[in-house]
Amino acid sequence: MSKFYDLQVHINDEEIFLINKNLISKYCGKLKKILNDEKRIFHINDFPGGPYGFELALKFCYNNGKISINLSNVLILHSCALYLEMNEKNFTNNLLQQTQTFLDGIYYWKWNEIIASLKSCECEKFFTYANTYGFLEKIIFVLVAKLVQNSDLNFIASPSSSSSLSSPENNFAKRISFSTGGCSPEKIVPDWAEIQVRSVKKSNFCNKAWWFDDLATLPPKIIEKFLQGIGAYKSDNKNLIVTRFLLHYLKKVTPSYKSISLGESAAYGVINVGSKNFSCRGLFCVLRILSKFGISEDCRMEIEKLIGGMFEKATLDDLLVCGHDNGLYYDVSFVIRLVKVFVEINGCDVVKMKKVGGLIDKYLIEISPDQKLKISKFLEVVECLPCFARDCFDGVYRAIDIYLESHPMIAFEESSRLCGCLNYNKLTFEVCKELAKNQRIPPRIAMQALISQQRNVPSCEYAMDESEIMSPSQIILYCEDDNDGFLEEKEDVRMNLESMQWRVMELEKLCKEMKVQMLKFTGFNV
């Protein structure tokens with residue numbers, strides 16, 4: 001090797017450095033210990049900051065113990081100094097002392113300086129060291145103090161959380177040990193136990209506090225540490241402002257395993273404060289955001305209960321949630337669950353029930369063209385509401401008609417099953433006439449619908465028993481009023497019924513012919 005370098009150091013299997021052993025040993029106590037033997041090649045696999053951090057430490061050594069320390073590199077330099085034991089035992093005013101002096105002024109850092117220093121902890125390996133050495137905690141503590149001092153609303157969790165923060169295990173203040181000759185930290189940073197919670201009566205998660213966008217630039221691990229520090233992590237989160245921030249943050253961050261815990265924290269926050277602080281539409285938006293982060297089934301169910309409790313305020317756009325419910329374009333099962341929760345909570349409120357009934361009919365019309373929507377699922381949507389929730393079944397008929405038009409290959413028995421959810425007595429006369437002429441509706445269904453309309457025709461009775469419905473022969477109309485308007489309506493009904501009788505007879509004839517052909521095919525005598 002050249003006389004300018006006589007040692008080869010491999011850092012984290014990423015980069016190789018050729019260095020002068022004597023020069024480095026002057027500043028680095030750790031390297032001085034391991035370089036006593038004759039080895040020329042060394043491997044360091046857990047160096048904080050990776051090759052970049054090691055290069056900064058080398059610059060300090062090759063520049064006679066001087067380097068420009070700033071907000072973006074102070075944490076990395078401090079970690080390197082700790083790792084390499086660059087203290088005063090080896091050199092006066094060594095790197096560790098210089099970085100410590102810089103960090104002692106942390107209480108006087110500006111807001112953007114604190115954010116910049118936290119961004120430098122994004123590297124996974126460096127984050128581990130920053131967290132282990134404790135100075136990451138110090139910076140977050142000062143960050144929170146500045147938030148409290150410069151906000152109209154304090155955002156520390158509940159009083160129970162505050163008490164937990166004052167415990168020896170969780171209190172940042174008791175774990176922070178600065179050696180500073182200036183003002184004491186206690187005079188600058190308020191005691192956690194003295195921070196009181198102020199209630200927020202009305203808020204929307206879209207409203208941003210001044211610090212939301214700044215913290216949204218930090219990596220998930222830092223935000224997780226932030227939540228742990230203020231006692232709002234996962235199920236401990238009972239704070240509206242923190243929850244609003246998390247939702248704002250999760251809209252920007254890419255879902256990953258690192259952000260799952262943040263999704264859980266936001267979910268618990270919504271569950272704890274959502275019923276009074278989020279609108280129905282807001283809760284739908286919340287669920288869309290959190291669904292990307294794999295929240296637990298229990299959390300999802302609790303948020304769905306919140307939505308179900310105010311489901312009468314939902315709109316059609318809210319229900320058109322994209323999903324993969326058995327291949328469906330829309331998440332139909334999700335809507336069914338919400339309606340069932342709504343019925344369970346508001347089953348006695350007729351006004352709310354009828355409002356939801358109209359909404360669900362619009363939803364049925366929207367989802368009916370979906371080729372993967374099964375009849376059983378369609379019927380489940382119709383039947384999740386009690387009959388009194390609909391004054392009229394015209395909307396259900398429209399949805400059925402669209403479904404049959406969009407599924408032309410559906411079997412005759414299946415179309416009859418689909419139409420079985422109709423309440424003929426709640427169909428308007430105009431829709432019944434349209435239904436009777438609809439070739440997609442099974443003839444017997446159309447006939448039953450027309451017969452049910454006898455009450456809508458003034459002074460008119462139908463003489464027809466069940467046997468005649470199953471084997472149509474003749475329908476007799478008895479009329480007591482001969483005015484022109486009624487005669488026209490009566491004639492409409494008569495013609496529609498006659499048309500239905502012919503359709504039924506043709507269908508029965510076709511069935512008989514098919515039966516004969518099948519018997520011949522199988523070799524049996526007719």
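Just to confirm my numbers, what's the Cα centroid distance between region 36-69 and region 80-127 in Å?
Comparing the Cα centres of region 36-69 and region 80-127, I get a distance of 15 Å.
Which ³J(HN,Hα) values, rounded to whole Hz and listed in residue order, are derived for region 394-411 from phi using the Karplus coefficients 6.51, -1.76 and 1.60 in 6.51 cos²θ - 1.76 cosθ + 1.60 with θ = phi - 60°, glycine and proline given as x?
4, x, 5, 4, 4, 5, 5, 4, 5, 4, 5, 5, 7, 10, x, 8, 5, 5
Would you kindly compute the Cα radius of gyration of region 205-362 and its largest Cα-Cα separation (Dmax), both in Å?
Rg, Dmax (Cα atoms, Å): 16.4, 50.
Using the Cβ atoms and a cut-off under 11 Å, what net charge is assigned to the surroundings of PHE378, where Lys and Arg are +1 and Asp and Glu are -1?
On the way: positive: LYS374, LYS377, ARG417; negative: ASP370, GLU380, GLU383, GLU414.
Net local charge, PHE378 excluded: -1.
Quote the charge dipole size of region 278-356 about the Cα centre in Debye, to the nearest 20; the model charges only the Cβ of Lys and Arg (+1) and of Asp and Glu (-1). Walk me through the intermediate numbers first.
Working: 11 positive and 11 negative charges, 44 e Å.
About 220 debye.
Under a 1.4 angstrom probe, counting protein chains only, how are THR254, THR217, THR243 ranked by accessible area, largest first?
The ranking, largest first, comes out as THR254, THR217, THR243.
Given H placed on each backbone N at 1.01 Å, which residues far from PHE42 in sequence or on other chains put an amide H within less than 5 Å of it?
GLN8, VAL9, HIS10
What figure in square angstrom, to the nearest 10, would you give for the accessible area of GLU383 with a 1.4 Å probe?
My reading of the accessible area for GLU383 is about 120 Å².
Distances over 23 Å make up what percent of all Cα-Cα pairs in region 276-428?
Values: 4319 of 11628 pairs.
Percent of Cα pairs beyond 23 Å in region 276-428: 37.
Across region 357-369, in residue order, what do the Karplus-derived ³J(HN,Hα) couplings come to in whole Hz, using 6.51 cos²θ - 1.76 cosθ + 1.60 with θ = phi - 60° and x for Gly and Pro?
x, x, 5, 5, 5, 5, 5, 4, 4, 5, 8, 4, x
Order 132-139, 6-13 from most to least packed using the mean count of other Cβ atoms within 10 Å. Walk me through the intermediate numbers first.
Details: 132-139: 18.2, 6-13: 16.5.
Highest to lowest by the protection proxy: 132-139, 6-13.
Tell me, what is the per residue accessible area of region 238-329 in Å², probe radius 1.4 Å?
Values: 3870 Å² over 92 residues.
Value for region 238-329: 42 Å² per residue.
Whose amide H sits under 5 Å from the amide H of ILE410, counting only residues 5 or more places off or on another chain, with H placed in the peptide plane?
Placed amide hydrogens put nothing under 5 Å from ILE410.
Answer rounded, prolate or oblate for region 265-345, using the Cα gyration tensor with square roots of eigenvalues a ≥ b ≥ c: rounded when a/c is under 1.5, else prolate when a/b is larger than b/c, else oblate. Spell out each step's value before the answer.
Working: a/c = 1.59, a/b = 1.17, b/c = 1.36.
Taking the square roots of the gyration eigenvalues as a ≥ b ≥ c, region 265-345 is oblate.
Between GLU15 and residues 5 or more places away or on another chain, which pairs have amide H atoms under 5 Å apart, with H built 1.01 Å from N, and which residues are they?
none
Which whole-Hz couplings ³J(HN,Hα) result when phi for each residue of region 89-101 is put into the Karplus expression 6.51 cos²θ - 1.76 cosθ + 1.60, θ = phi - 60°, listed in order with x for Gly and Pro?
5, 9, 7, 5, 6, 5, 4, 4, 5, 5, 5, 5, 4
Taking R0 as 22 Å, what FRET efficiency do you get between LYS362 and ARG440 from their Cβ-Cβ distance, rounded to the nearest 0.05? Intermediate values should be presented prior to the final figure.
Details: r = 21 Å, r/R0 = 0.95.
For LYS362 and ARG440, the calculated efficiency is 0.55.
Could you give the distance between the Cα centres of region 428-452 and region 310-380, to the whole Å?
What the calculation gives is 26 Å, centre to centre.
Roughly speaking, what is the stretch gain from SER416 to THR428, that is 0.36 nm per residue apart minus the C-alpha to C-alpha distance, in nm to one decimal? Show your work: numbers first, answer last.
Working: separation 12, 0.36 × 12 = 4.32 nm, distance 2.00 nm.
Between SER416 and THR428, full extension yields an extra 2.3 nm.
The values are calculated or read from the model by the stated rules, or taken from the named source; none is laboratory data. Note that this is a predicted model, so its numbers are computed, not measured. Heads up, the Cβs are rebuilt from the backbone with ideal geometry, glycines too, and the neighbour counts pull from every protein chain shown. Keep in mind that these areas ignore ligands, DNA and RNA; they rest on the heavy atoms of the full protein, side chains included. Shrake-Rupley method; radii C 1.70, N 1.55, O 1.52, S 1.80 Å.
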